[in-house]
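Step one of this worksheet: look at the structure below.
The values are calculated or read from the model by the stated rules, or taken from the named source; none is laboratory data. The model shown is predicted, which means the values in this text are computed figures rather than measured ones. Neighbour counts are summed over all protein chains in view; Cβ atoms, including those assigned to glycine, are modelled from backbone coordinates with ideal geometry.
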Amino acid sequence: MPKINVYVPDDLAAAVRDADLRVSQICQEALAEAVRRVQTARGNAAELRFSETDAPGVSASLAQRVTPRLRNVLEAAHGLAGAGNQVQGLHLLIALVDEPDNMGALMLTTLGVKLAALREIALSRVDTAGSPKTVELDADQLVAGLTRDAKLAVARAVDVAAELGHDYLGCEHLLLGLVHEPVQPAGGLLVARGASLGALEKVLPGLLAATRRAHADESELAARLEQIEQRLSAGGL
């Protein structure tokens, strides 16, 4: 049986030895799951690129991985396009900018992109519904009704998530998917405003790491507060 070397930090290696874990079995199961996830993602991306239909199966598959914020973006983009109209890449970009506190918007502001100005330019280049309405999409409608450029952006977003080893599909992936098509309106606008693919790829790791640290700090604080409450309760206070 072929061997694959897996390198881990010293403290993790010591912990694995102390726990007497079946490393080979665990690694095989983890790798098999990762391969399955990547193959599914690549299949979804390929179907989006080459299918001339709405591919409801792809929508249902992606719905399991889409973050709540990205779902909001997709639904808002449909609202911007208006009933009966296809969603374009610029609709996706506008909806992404409008969604509060998402990683894609944070990437843009980190590069010094003015979101309000970006939004106004995008709005001037695409038709939108006069009074955009909130749209709730079923799982099999999530990436339905997209123009060719929007499909390509979502397909590339799926690829990016797989390449980064992420088991979710978020706004950061969609932003990278949009800018990956610089000949399309949304991608060209992003590049013109200073958000090139290379620049966005450079800032993303640091932002993700900072987010993970912040979440870890929040979890640690919550655990400490719970301990304090338990001690107070035990003391009858």
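Cβ-Cβ under 6 Å, sequence separation 6+ or interchain: first residue in region 148-162 and over 14 Å from Phe50 (Cα atoms), partner surrounded by fewer than 21 Cβ atoms within 10 Å (Cβ to Cβ). Which pairs?
Ala162/Val38
For every residue, the table says whether it meets (1) within 16 Å of Gln141 (Cβ to Cβ); (2) assigned to a helix (DSSP H, G or I); (3) aliphatic (A, V, I, L, M).
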residue: Met1; (1), (2), (3): no, no, yes
residue: Asn5; (1), (2), (3): no, no, no
residue: Ala13; (1), (2), (3): no, yes, yes
residue: Arg17; (1), (2), (3): no, yes, no
residue: Ser24; (1), (2), (3): no, yes, no
residue: Glu47; (1), (2), (3): yes, yes, no
residue: Gly57; (1), (2), (3): yes, yes, no
residue: Asn72; (1), (2), (3): yes, yes, no
residue: Ile94; (1), (2), (3): no, yes, yes
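Listed here are the residues, each with its yes/no results for (1) out of contact with any Leu (no Cβ under 8 Å at 6 or more places or on another chain); (2) surrounded by 18 or more Cβ atoms within 10 Å (Cβ to Cβ).
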position	(1), (2)
Leu92	no, yes
Asp101	yes, no
Gly104	no, yes
Glu120	yes, no
Arg125	no, no
Pro132	no, yes
Asp138	yes, no
Gln141	yes, yes
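State the number of residues belonging to region 33-50 that are modelled with pLDDT under 70 and aliphatic (A, V, I, L, M).
4
List, please: which pairs have Cβ atoms under 7 Å, are six or more places apart or on different chains, and start with a residue in region 184-202 that is surrounded by fewer than 17 Cβ atoms within 10 Å (Cβ to Cβ) and end with one that is aromatic (Phe, Trp, Tyr) and outside any loop (DSSP other than H, G, I, E, B)?
none
Can you pull out every residue in region 162-204 that is modelled with pLDDT under 95 and part of a helix (DSSP H, G or I)?
Result: Ala162, Glu163.
Which of the residues belonging to region 163-183 are touching a residue at least 12 places away in the same chain (Cβ under 8 Å) and under 11 Å from the mean Cα position of the chain (by Cα)?
Correct list: Asp167, Tyr168, Leu169, Gly170, Cys171, Glu172, His173, Leu174, Leu175, Leu176, Gly177.
Does Gly112 qualify as being surrounded by fewer than 16 Cβ atoms within 10 Å (Cβ to Cβ) and either under 16 Å from Leu62 (Cβ atoms) or touching a helix residue (DSSP H, G or I) at 6+ places or on another chain (Cβ under 8 Å) (or both)?
no
Go through (1) of a type in the set (Asp, Glu); (2) under 21 Å from Asp101 (Cα atoms); (3) outside any helix (DSSP H, G or I) for Asp127 and report which single condition fails.
(2)
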